[in-house]
Amino acid sequence: MNPPGLRERKKQRTRTAIQQHALRLYREQGYGSTTTEQIAAAAEVSPSTFFRYFPTKTDTVLYDRLDPLAVDAILAQPADVPPLRAVRNALREVLEALSPEELALEASRWRLVSEVPELRAAASAQIETTLPVFAEVIGRRVGRPADDEAVVAWTGAVVGTIIASLFAAFDRGDRDLIGSVHRGLAHLEAGPASLTSADGGP
């Protein structure tokens, strides 16, 4: 994949800045009490520019710049690596490459999704568009179409595990989001054995 050009990098910086200010305001004064006008003012952009990047306030939370990075990282894994191991390796590469500031941004996003019912519902609906993307990636790795029954079921299990692990981390006050996701995928990789092991570990 070719690196983004100057124009695209500038757009990404603007999008990230708007999202960062939005998440900061949500944290300081609450999601429901924050307006798009306040976010635009904090990011020093016009309201029309705000809506050019984020059609709704909800999108400032749901926008996930890591998805395309994860897709590229999965496809870049060696062909002889099993699918689930390829996903685990790819996610580790993407998440561990984040700066502390970027990781904090992701934590803020997922904390809001876990705490605000409106956002949690929207995130659940968004899965309908996320699953086909990752099913296409997994299908390419195993030589099957994206709508293959096994590919669809397996992709749903992986995506569901990632999301459930993130929500569970927030519910128990666990700040190690990367570790929580990898432990969840390790349990999935171990299969039923992880439910019967003496220590409950994968």
Problem set entry | Cβ pairs under 7 Å, 6+ apart, first in segment 100-115 and in the same structural domain as Ala17 (by TED's automatic domain parsing) and at pLDDT below 90, second surrounded by fewer than 17 Cβ atoms within 10 Å (Cβ to Cβ) and assigned to a helix (DSSP H, G or I) | none
Exercise. Only one residue in Ala41, Ala22, Ala17 is over 24 Å from Ile178 (Cα atoms), hydrophobic (A, V, I, L, M, F, W, C) and outside the structural domain of Glu96 (by TED's automatic domain parsing). Which one?
Worked result: Ala41
For this session: Specify the residue that is surrounded by the most Cβ atoms within 10 Å (Cβ to Cβ); the eligible residues are those in segment 1-60 that are more than 27 Å from Val71 (Cβ to Cβ) and among the basic types (Lys, Arg).
Result: Arg24
For this session: Could you please tell me which pairs satisfy a Cβ distance under 6 Å, a separation of 6+ or placement on different chains, a first residue in segment 177-191 that is assigned to a helix (DSSP H, G or I), and a second residue that is among the charged types (D, E, K, R)?
Result: Ser180/Asp174; Leu185/Arg88
For this session: Among the candidates Gln20, Gln12, single out the residue that is over 26 Å from Val142 (Cα atoms), assigned to a helix (DSSP H, G or I) and in contact (Cβ under 8 Å) with a residue 60 or more places away in the chain.
Result: Gln20
Problem set entry | Count - residues of segment 130-146 that are in contact with a helix residue (DSSP H, G or I) (Cβ under 7 Å, 6 or more places away or on another chain) and without any contact (Cβ under 8 Å) to a residue 40 or more places away in the chain | 6
Exercise. So which residues in segment 104-131 are surrounded by 15 or more Cβ atoms within 10 Å (Cβ to Cβ) and aliphatic (A, V, I, L, M), if there are any at all?
Worked result: Leu105, Ala107, Leu112, Val113, Val116, Leu119, Ala122, Ala123, Leu131
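The values are calculated or read from the model by the stated rules, or taken from the named source; none is laboratory data. Everything numeric here is computed off the predicted structure, so don't read it as measured data. A quick note on method: Cβ atoms are made from the backbone with ideal geometry, for glycine too, and the neighbour counts reach across all protein chains shown.
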